[in-house]
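The structure appears below as structure tokens.
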Amino acid sequence: MSAMGYGAVRPYTVPDTLDELTGPTEGVVELPGHLDWGPRRQYNLDDFSDTRLLYMRVIRESTHVEDLRRFLNFQVLIRLWPQLVLPARVRALWEERFTRLGRAA
């Protein structure tokens, strides 16, 4: 491990476009074990706190764009972006590709 730490070299997945993020906007979503290894993997998208946690977890843990497409919705993402607590590097990667997110923050 380099002196920079894992977060500086960890691979993060970013979609090509925001439009491909067509995940659910309501109801209960259960994340698979490769995204959430905790005992409670269900998130109620009708609850702001649950939605925020799901988005932070999916953005941080996804290694395949298919997960982003399946669980994230671009309209919800734009609305939540300023409230998401993310590693600086992953936030920068998303905001470099989607300047719209940087303006939302």
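Every number in this text was worked out from the coordinates using simple rules, so none of it is lab data. Being a predicted model, the structure only gives us computed values, none of them experimental. Because the Cβ atoms are built from the backbone with ideal geometry, glycine has one as well, and the counts that use them run over all protein chains shown.
Annotations for the structure displayed:
- Summarising the label geometry, the points placed 7 Å from Cα in the beta-carbon direction at Val65 and Ser49 lie 3.5 nm from one another.
- Projecting the Cα atoms of Leu101, Val85, His64 onto the charge dipole of segment 45-105 (Cβ charges, centred on the Cα centre) puts Leu101 farthest toward the positive pole.
- At 0.890 mPa s and 25 °C, Stokes diffusion of segment 1-91 via Kirkwood alpha-carbon radius, µm² per second: 180 µm²/s
- Comparing Pro39, Pro11, Pro87 in a Gaussian network model of the chain where C-alpha atoms under 10 Å apart are linked, the largest mean-square fluctuation is found at Pro39.
- Integer Hz, Karplus 6.51/-1.76/1.60 couplings in order for segment 38-44, x for Gly and Pro: x, x, 10, 10, 9, 10, 8
- Model label sites at Ala92 and Glu26, defined 7 Å from Cα along the beta-carbon direction, differ in position by 4.0 nm.
- Length released on extending from Arg79 to Trp37, taking residue separation times 0.36 nm less the Cα-Cα span: 12.5 nm
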